[in-house]
Amino acid sequence: MTTTMAQALNAALRDAIKDDDRVLVFGEDVGTLGGVFRVTDGITADFGEDRCFDTPLAESGIVGFAVGMAMGGFRPVVEMQFDAFAYPAFEQITSHVAKLRNRTRGALSLPMVIRIPYAGGIGGVEHHCDSSEVYYTHTPGLRVVTPGTAQDAYDLLRDAIDSPDPVVFLEPKCRYWSAEDVTFTRQNAAFDKAVVRRPGKDVTLIAYGPMVATAMETAEAAREEGWDVEVVDLRSLSPFDDETVTASVRRTGRAVVVHEAAGFGGYGAEVAARVTEQCFHQLHAPVLRVTGLDIPYPAPKLERHMLPDVDRILDTISRLQWDDTPVVAGA
């Protein structure tokens with residue numbers, strides 16, 4: 001069935017509510033309106049205000065309320081509406097959501113999901129577009145996942161709601177309207193596993209969330225340059241699937257990491273370090289990154305100049321020392 005990512009997320013929420021009486025959905029405008037991006041469209045009408053309801057405009061209160069409900073045996077799924085709107089709740093997330101299991105020596109867990117529409121590509125103004133993934137991946141105690149396809153949106157959200165751990169679920173806003181055939185049973189890899197979206201033999205493109213589609217488009221364009229590009233979709237940012245990523249890089253000998261967030265201190269730096277440490281003797285060139293610029297998200301008309309695109313990624317691939325001479329330590 002051809003389904004958009006937003007519709008797949010809606011289906012995942014509906015199925016979770018039907019399957020488990022403990023699942024509750026709440027946040028700003030998720031009830032009658034159905035959310036800014038209509039991800040919760042019709043859920044209140046179909047399941048009632050006891051299962052999907054609006055909250056005051058207070059992100060810290062939304063997450064704090066969810067913490068108490070999770071401690072009491074519920075499985076809350078909360079929406080932050082926009083990425084940068086989540087920052088008022090950051091103290092709750094890092095000090096309590098991420099630490100309660102450790103603080104209670106395992107006596108209490110927090111099976112809750114924090115849904116955050118994130119990243120750019122929609123021409124949003126300040127506070128409405130941000131790539132905040134590294135704040136959460138740097139916080140032990142949180143699972144952080146992001147779908148790159150509509151099928152994965154359904155699969156990952158169902159898995160996130162079933163998880164005994166708190167999950168930050170990052171939804172790429174610019175892909176909400178991308179559509180594909182979706183089967184509403186879980187199809188893909190395990191919750192914490194990356195997947196190879198496209199096999200190749202010359203270079204591995206490592207991407208996640210909004211950049212997965214861009215990486216796939218780049219792989220097709222690279223054929224005209226004579227490069228056979230493999231695309232790895234990380235899916236789970238924390239924990240990180242070293243096995244799948246390093247196996248791909250060992251096959252191809254080259255790697256490029258792509259993400260929208262700023263390059264300095266970005267998630268790609270961690271990926272590049274892990275790949276270099278584990279695949280050093282198989283690499284034919286340094287691991288390179290294609291990222292957003294080290295600036296705040298710009299005004300809507302300028303956004304396209306900041307976001308990675310096919311041309312920037314192809315240019316980076318061209319710098320991967322194609323003379324087939326391996327990097328030699330100390331050379």
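The values are calculated or read from the model by the stated rules, or taken from the named source; none is laboratory data. Source: prediction; values computed, not measured. Cβ atoms come from the backbone with ideal geometry, glycine included; neighbour counts cover every protein chain shown. The accessibility values were calculated without ligands, DNA or RNA, using every heavy atom of the protein model including side chains. Shrake-Rupley method; radii C 1.70, N 1.55, O 1.52, S 1.80 Å.
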As a test question: what accessible area, to the nearest 10 Å², does Cys174 have when a 1.4 Å probe is rolled over all protein chains in place?
40 Å²
How much accessible surface does Thr204 have with a 1.4 Å probe, in Å² rounded to 10?
0 Å²
Lys201 and Arg186 label points (each 7 Å along its Cα→Cβ direction) are spaced in nm at 3.6 nm
What does the chain give for Rg and for Dmax, in Å, if only its C-alpha atoms count?
19.9, 67
Give me, ordered by chain and number, the residues 5 or more places off Leu24 or on other chains with an amide H under 5 Å from its own placed amide H.
Arg75, Val77
Under 5 Å between amide hydrogens, which residues at least 5 positions from Val144 or on another chain qualify, with H placed 1.01 Å from N in the peptide plane?
Val168, Leu237, Ser238
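Stretch Leu293-Thr32 to full length: gain in nm at 0.36 nm per residue minus the Cα-Cα span? Intermediate values should be presented prior to the final figure.
Values: separation 261, 0.36 × 261 = 93.96 nm, distance 3.78 nm.
Taking 0.36 nm per residue and subtracting the Cα distance, the gain is 90.2 nm.
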Ignoring ligands, DNA and RNA, how do Glu220, Glu180, Glu260 rank by accessible area with a 1.4 Å probe, largest first?
Glu220, Glu180, Glu260
Take each of the peptides 75-87, 238-250, 97-109, average the number of other beta-carbon atoms within 10 Å over its residues, and list them starting from the highest.
75-87, 238-250, 97-109
Rounded to whole Å and sorted largest first, list the principal axis extents of the Cα atoms in the stretch 64-183.
42, 36, 23
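Relative contact order, percent, of the chain when contacts are C-alpha pairs under 8 Å separated by at least 6 residues?
15 percent
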The stretch 195-318: relative contact order from alpha carbon pairs under 8 Å, six or more residues apart, as a whole percent, is 27 percent
Heavy atoms only, probe 1.4 angstrom, no DNA, RNA or ligands counted: give me Arg158, Arg38 ranked by accessible area, highest first.
Arg38, Arg158
Lysines with Cα under 16 Å of Lys99, excluding same-chain neighbours fewer than 8 positions away:
none
Sorted by chain and then number, the residues having a modelled amide H within less than 5 Å of the amide H of Val257, at least 5 places away or on another chain, are Ile206, Leu288, Arg289, Val290
With each pseudo-label sitting 7 Å past Cα toward Cβ, what's the Ala107-Asp41 distance in nm, one decimal?
4.6 nm
Residue (of Ala272, Gly141, Val168) at the positive-pole extreme of the chain, dipole from beta-carbon charges:
Gly141
Distance cut-off 16 Å, percentage of C-alpha pairs in the stretch 84-140 lying past it
50 percent
Might you work out the accessible area of His96 for me, using a 1.4 Å probe with all protein chains in place, and round it to the nearest 10 Å²?
60 Å²
Just grab the label-to-label distance for Ala58 and His138, each label 7 Å out from Cα along the Cβ direction, in nm (one decimal).
2.9 nm
Dipole magnitude of the chain about its Cα centre (Cβ charges: Lys, Arg +1; Asp, Glu -1), debye to nearest 20
680 debye
Determine the principal axes of the Cα atoms in the stretch 195-318, then give the extent along each, sorted from largest to smallest and rounded to whole angstroms.
42, 34, 23
Mind putting a number on the dipole of the stretch 38-140 about its Cα centre? Charges go on the C-beta only, +1 for Lys and Arg and -1 for Asp and Glu, and I need it in Debye to the nearest 20.
660 debye
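From largest accessible area down, sort Lys201, Lys173; use a 1.4 Å probe on the protein chains.
Lys201, Lys173
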Report, largest value first, the span of the C-alpha coordinates of the stretch 154-253 along each principal axis, in whole Å.
44, 30, 21
Can you give the calculated 222 nm mean residue ellipticity of the chain, where each DSSP H run of n ≥ 4 adds -39,500 (n - 2.57) and the sum is split over every residue, rounded to the nearest 500 deg cm²/dmol?
-9000 deg cm²/dmol
Could you give me the radius of gyration and the Dmax of the stretch 1-149, taking only the C-alpha atoms into account and expressing both in angstrom?
15.1, 45
